[in-house]
Structure formats: structure tokens, C-alpha cells
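The values are calculated or read from the model by the stated rules, or taken from the named source; none is laboratory data. Owing to the predicted nature of the structure, the values given are computational and were not obtained by experimental measurement. Note that we place each Cβ from the backbone using ideal geometry, even for glycine, and neighbour counts take in every protein chain shown. Each accessible area value is taken on the protein alone, full model and side chains, heavy atoms only, with ligands, DNA and RNA left out. Shrake-Rupley method; radii C 1.70, N 1.55, O 1.52, S 1.80 Å.
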Amino acid sequence: MALIESAPEVLDDFDRIFDHIAQFDASSAPGRIADILQAVQLLATSPLIGRPVKDGQRELVIGRGSRGYVALYRFVPELDTVFLLAVRSQRESGYKHGA
């Protein structure tokens, strides 16, 4: 089972996502964040499940439409570790901190 390590900037991503959801439905924000975290936990047992993108990174697609998110990560097999680099809404055009 792979270890999952998050970059410090991922906390900013979750704050941004939480604030956005809370604008429209504050009561659902904690549950939606929990759903994203639960999906990311799948990477511990299936680290190659995400689609390959640039520079050895991968993207895990979580949900769809207005409830869809994308988690950017890198799996390092030698360390058996998944490094979570960023999380964004599928509707956002890119990752906010240049990951």
C-alpha cells in the first residue's frame, strides 16, 4: 500500500474549494471535501489509476460536472509514495499554484 503525502499548497486548494462550495450550499461543503479526500485515498492501493499527464504526473478525476474535481499527483514507485500536488475543480482552467 502506497503512502500518500500532500504538498503544503494542497491545503490552500481545499480552502478555496470549501469557500466556493460554501457560497452556494454551506451545509454540503464538509461532505464534498470528505468525498474528495476519500477518492484520493484510492491512490494508496491503485496509484496508477489516474490518467498520465506531463512530466510523469497523473490526474485523478473525481466526480463530474459541477461536482467534479481533479487531483494532480506523482507516484514514485521506488518510494511507494504518492505525492499529491494540487486539487482543482474540473471547471477551473488550471492549477492555482503552478503545479
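For the structure I just gave you, tell me whether V40 is within 15 Å of the chain's Cα centre (by Cα), outside any helix (DSSP H, G or I) and not basic (K, R).
no
What are the pairs, 6+ residues apart or on separate chains, where a residue within region 50-69 that is within 21 Å of I17 (Cα to Cα) has its Cβ under 6 Å from a residue that is in a strand (DSSP E or B) and open to solvent by 100 Å² or more (accessible area, probe 1.4 Å)? Hits for this filter: E59/R51. A residue that is touching a strand residue (DSSP E or B) at 6+ places or on another chain (Cβ under 8 Å), at pLDDT 95 or above and polar (S, T, N, Q) cannot be found anywhere in region 26-40. Of note, V10 does not satisfy the criterion of being of a type in the set (V, I, T) and part of a strand (DSSP E or B). Summed over region 26-44, residues that are of a type outside the set (A, V, I, L, M, F, W, C) and open to solvent by 70 Å² or more (accessible area, probe 1.4 Å) total 5.
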